[in-house]
Amino acid sequence: MGSTMHTLREIAEDPQASPADILEKALFQATVLRQKPIQQWLRRERDGYAADEPVPDYRRAEESTLLAWRPGAGWIQAPVDEIKIAGLTAAELRTDVLDLVRKRERIISDGGVRQELEGALHERLQAETNLDTRLALAVPARSYVRILDTLRLAVRVWSDRLIEAGIEGHGSAFTSEEKKLAQPIGDQLEEILAEATALQAELPPPTAPGFMARLFGRT
């Protein structure tokens, strides 16, 4: 029987493994190891990010497209200067991982999600674009898939670092020495996420032709 961290590492290496299962197993081990930064990150991924919480870079959909509602025609790509609104159309994806897992196949099949805008951001974009109509963002499927891939890869990177430090565990137990050795790695969350993000960027994106055509056909 393999060690606890080797087992987790093998699961996180498998692109077919459920990201929700990987998350729960990693959260349990991070709790046992008392790695608070890792615990907090995994809990936010599990529960979703509150409106007043910053999201990690991999949850910002910089590739979103601004849409405008035109009566009689439906949704169209907003006729605006993209440079003028740069930085305002990056959708912050706060959805919890469990919900993303449930909706993943539909999102990929549809090619993405139309995210309605409201509040201060909606008003600011209307002012910046001089468009007095409903606005939304077309968020491509790859933005959502990136979240699940990055989570899986981050758990793999975290497991690798623990194993390299001699922290393996057996069952649900770690020695006192292993717990002590694990503490510095728990403080490497930003580095772990950066490495996972770079690894995810090398993966092929999901293919879903016709996203914009299907999207504009909806009300």
*Which entry in (1) 47, 39, 27; (2) 66, 30, 25; (3) 97, 35, 35 matches Cα extents along the principal axes in Å derived from the coordinates of this structure?*
(2)
*Over segment 26-119, what is the relative contact order in whole percent, taking alpha-carbon pairs under 8 Å and six or more residues apart?*
29 percent
*Relative contact order [Cα under 8 Å, 6+ residues apart], the chain, whole percent*: 32 percent
_Defining a contact as two alpha carbons under 8 Å apart and six or more residues distant in sequence, what relative contact order in percent does segment 77-162 show?_
35 percent
_Among 168-174, 34-40, the order from most to least packed when residues are scored by Cβ within 10 Å on average_ = 34-40, 168-174
*In degrees, nearest 10, range 0 to 90: what is the angle between the Cα axis of helix 36-47 and the longest Cα principal axis of the chain?*
40 degrees
*Label-point separation, Ser3 to Glu123 (7 Å along Cα→Cβ), nm*: 5.6 nm
*Just going by the charge dipole of segment 1-149, with Lys and Arg at +1 and Asp and Glu at -1 on Cβ, which of Val80, Pro54, Gln35 is farthest out on the positive end?*
Gln35
*Provide the FRET efficiency to the nearest 0.05 for the Ala90-Glu177 pair, computing r from the beta carbons and using R0 = 30 Å.*
0.10
*Working from Cα positions, state the angle (0 to 90°, nearest 10) between the long axis of helix 19-32 and the longest principal axis of the chain.*
40 degrees
*asked:* Once R0 is set to 35 Å, what does the formula 1/(1 + (r/R0)^6) return for the Cβ-Cβ distance between Ile76 and Glu202, expressed as a FRET efficiency to the nearest 0.05?
replied: 0.55
_To the nearest 20 Debye, how big is the dipole of the chain about its Cα centre, given +1 on the beta carbon of each Lys and Arg and -1 on that of each Asp and Glu?_
580 debye
*Along Cα→Cβ, 7 Å out, is where each label goes; now give me the distance between the ones at Glu63 and Glu105 in nm to one decimal.*
2.3 nm
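The numbers here are math on the coordinates, done by the rules we state, and not lab data. As the structure is a computational prediction, the values presented were derived from the model and not from experiment. Cβ atoms come from the backbone with ideal geometry, glycine included; neighbour counts cover every protein chain shown.
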